[in-house]
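The block underneath contains the structure these notes are about, expressed in structure tokens.
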Amino acid sequence: MADTFLITTTTTKRNRPDDETETKKKLMTPSPQNILTDPAAALASTRHEFGEHGGVNMSIEASATFTVMEPETLRRIFAGELGPDSDYYVYSRHFNPTVLNLSRLMASLEGTEAAYCTASGMSAISASILQLTKSGGHVVASRTLYGGTHALLQHFLPRTCNITTTFVEISDIESVDEAIIEGKTNVLYFESVSNPTLTVANIPELSRIAHKKGVTVVVDNTFTPMVISPVKLGADVVVHSISKFVSGGADIIAGAVCGTASLVNSMMDLQQGAIMLLGPTMNAKIAFELSERIPHLGLRMKEHSNRALTFATRLKKLGLKVIYPGLEDHPHHELLKSIHNKDYGYGGLLCIDMETEDRANKLMSYLQNYGQFGFMAVSLGYYETLMSCSGSSTSSELSSEEKVLAGISPGLVRMSVGYIGTLEQKWNQLEKAVTKLQEYGFANKN
Ligand SMILES: *Cc1c(COP(=O)(O)O)cnc(C)c1O
């Protein structure tokens with residue numbers, strides 16, 4: 001670390017080995033600590049970057065382009081002989097050191113060899129699918145997906161790339177197996193806990209059947225960072241919308257692809273890389289901000305989960321139809337119990353099925369405007385509770401039939417449970433609004 005404190009001239013770069021020692025074609029190599037099983041332990045063992053002047057936080061490398069001392073070096077970077085592992089960078093649409101540092105944290109979080117961050121969750125998803133398929137390729141995907149991902153697979157990719165998707169009921173392993181065509185299907189795609197019905201994917205079993213046919217398993221883990229570790233359970237690639245829990249501030253749009261070093265390097269390939277060529281680049285300043293939030297992601301997830309479980313349990317007692325995988329009556333409770341990282345609970349999302357859109361709207365409006373319990377807004381992972389009626393918002397890209405098939409009732413209220421205030425204070429607000437609604441005969445009793 002000593003050289004961190006050297007006053008450097010612009011000609012010296014720290015931690016950079018001599019050109020002569022670095023001859024192998026090497027961009028990124030796996031980090032050994034990523035095999036740690038607890039995501040918080042893995043994060044704490046990730047290399048901590050100090051700032052250029054010894055600051056406890058890393059410096060922000062806010063440069064679009066990077067200089068070299070010898071013209072020969074630039075040639076070697078472009079030939080792939082020198083890369084970020086040896087602290088050689090060329091241009092920030094390719095690897096950027098600050099984005100790479102955040103990406104190392106994402107790799108540790110998910111227990112993958114490597115990761116790279118992108119400008120949004122959707123760009124991480126589309127770039128991954130494009131990288132893993134080709135024209136004429138085939139995807140098997142859960143029919144219960146984030147609306148944007150569903151539209152990408154259903155409408156955009158068939159039109160633009162001749163990549164088709166068969167949508168399946170992801171909890172019906174046999175039908176997933178039937179839909180996967182050996183030699184034709186490239187990717188099996190699903191969400192670890194699906195939006196908005198909170199069905200839990202059997203990641204070990206799905207990975208097993210996909211791998212038997214040589215298919216890459218891509219899991220969107222946006223709903224359950226820390227709670228579920230899909231790669232540990234057999235999946236190959238994890239995609240994230242960092243805009244949600246990982247960010248936690250509802251102020252930034254960002255995404256990540258976590259997978260093998262060879263996948264990440266292929267996505268940066270100058271001729272064939274989906275991130276390099278489509279350019280969904282994360283800004284270094286954004287990467288810095290996000291890297292400051294990851295150390296407390298575990299604490300936040302625990303409290304999101306704790307409050308979601310408490311509220312779900314109590315709401316059910318009030319007679320509401322509650323969907324939460326932490327409740328024993330949820331069809332996937334046992335499955336989630338067997339695959340989650342115990343310390344982080346069952347996740348921060350719960351749904352209340354109000355059956356009709358009118359009743360759902362009444363509930364949300366009471367909760368926001370009468371109970372001061374939360375905000376009517378899409379998205380999730382914020383410190384305040386966010387509520388939306390999925391059928392008419394985040395899943396409105398689906399047709400009515402698709403919504404029925406996906407089990408999305410028109411009165412489904414999705415809640416991303418926040419951790420602001422005290423638990424009892426927030427519960428009082430929630431209970432007050434629900435009771436008032438019941439008095440007026442709007443809440444369904446069962
Ligand atoms: C929000 C979300 C996305 C899209 O992410 P953006 O960051 O908004 O592009 C993808 N998947 C899930 C599950 C999401 O919740």
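The values are calculated or read from the model by the stated rules, or taken from the named source; none is laboratory data. Just so it is clear, the model here is predicted, and its values are computed rather than measured. Counting neighbours? That spans all protein chains shown, and the Cβs are built from the backbone with ideal geometry, glycine included.
Exactly one residue among 76, 143 is among the basic types (Lys, Arg), more than 23 Å from residue 225 (Cβ to Cβ), crowded, with 16+ Cβ neighbours inside 10 Å and in contact with a His (Cβ under 9 Å, 6 or more places away or on another chain), and that residue is 143. Counting the residues of segment 234-245 that are crowded, with 24+ Cβ neighbours inside 10 Å and more than 10 Å from the ligand (Cβ to nearest atom) gives 3.
Evaluated against (1) buried (at least 20 other Cβ atoms within 10 Å of the Cβ); (2) touching a residue at least 60 places away in the same chain (Cβ under 8 Å), residue 87 falls short on exactly one condition, (1).
Is it fair to say residue 259 is within 12 Å of the ligand (Cβ to nearest atom), surrounded by 24 or more Cβ atoms within 10 Å (Cβ to Cβ) and small (Gly, Ala, Ser)? No, not satisfied. Once segment 365-391 is narrowed to residues that are more than 23 Å from the chain's Cα centre (by Cα) and hydroxyl-bearing (Ser, Thr, Tyr), the residue that is modelled with the lowest pLDDT is 370. Output the residues belonging to segment 131-156 that are within 10 Å of the ligand (Cβ to nearest atom) and β-branched (Val, Ile, Thr). The answer is 149, and nothing else. Restricted to segment 135-187, and to residues there that are modelled with pLDDT of 95 or more and aromatic (Phe, Trp, Tyr), the residue that is nearest to residue 378 (Cα to Cα) is 156.
Only residues that are in a helix (DSSP H, G or I) and touching a strand residue (DSSP E or B) at 6+ places or on another chain (Cβ under 9 Å): list them for segment 322-358, please. Explain how you work it out, then say what you get.
First, the residues of segment 322-358 that are in a helix (DSSP H, G or I): 333-339, 342-344, 357-358.
333, 335, 336, 339, 357, listed by residue number.
Evaluated against (1) closer than 19 Å to residue 284 by Cα; (2) more than 16 Å from the ligand (Cβ to nearest atom); (3) touching a Pro at 6+ places or on another chain (Cβ under 9 Å); (4) not polar (S, T, N, Q), residue 56 falls short on exactly one condition, (3).
What helices (runs of 4 or more DSSP H) lie completely within segment 203-321 and have 2 or more residues being on the phi < 0 side of the Ramachandran plot, more than 17 Å from the chain's Cα centre (by Cα) and of a type in the set (A, V, I, L, M)?
Numbers: elements: 203-212, 261-267, 274-278, 284-291, 297-317.
Hits in segment 203-321: 203-212, 261-267, 274-278, 297-317.
The listed residues are 171, 120, and the only one of them that is touching a residue at least 12 places away in the same chain (Cβ under 8 Å), surrounded by fewer than 21 Cβ atoms within 10 Å (Cβ to Cβ) and away from the ligand (no atom under 16 Å from the Cβ) turns out to be 171.
In segment 320-329 there is no residue matching the filter, namely being surrounded by fewer than 17 Cβ atoms within 10 Å (Cβ to Cβ) and either in contact with a Pro (Cβ under 6 Å, 6 or more places away or on another chain) or in contact (Cβ under 8 Å) with a residue 40 or more places away in the chain (or both). Determine if segment 90-111 includes at least one residue that is surrounded by fewer than 24 Cβ atoms within 10 Å (Cβ to Cβ), within 16 Å of the ligand (Cβ to nearest atom), of a type outside the set (Phe, Trp, Tyr) and under 15 Å from the mean Cα position of the chain (by Cα). No, segment 90-111 contains no residue that is surrounded by fewer than 24 Cβ atoms within 10 Å (Cβ to Cβ), within 16 Å of the ligand (Cβ to nearest atom), of a type outside the set (Phe, Trp, Tyr) and under 15 Å from the mean Cα position of the chain (by Cα).
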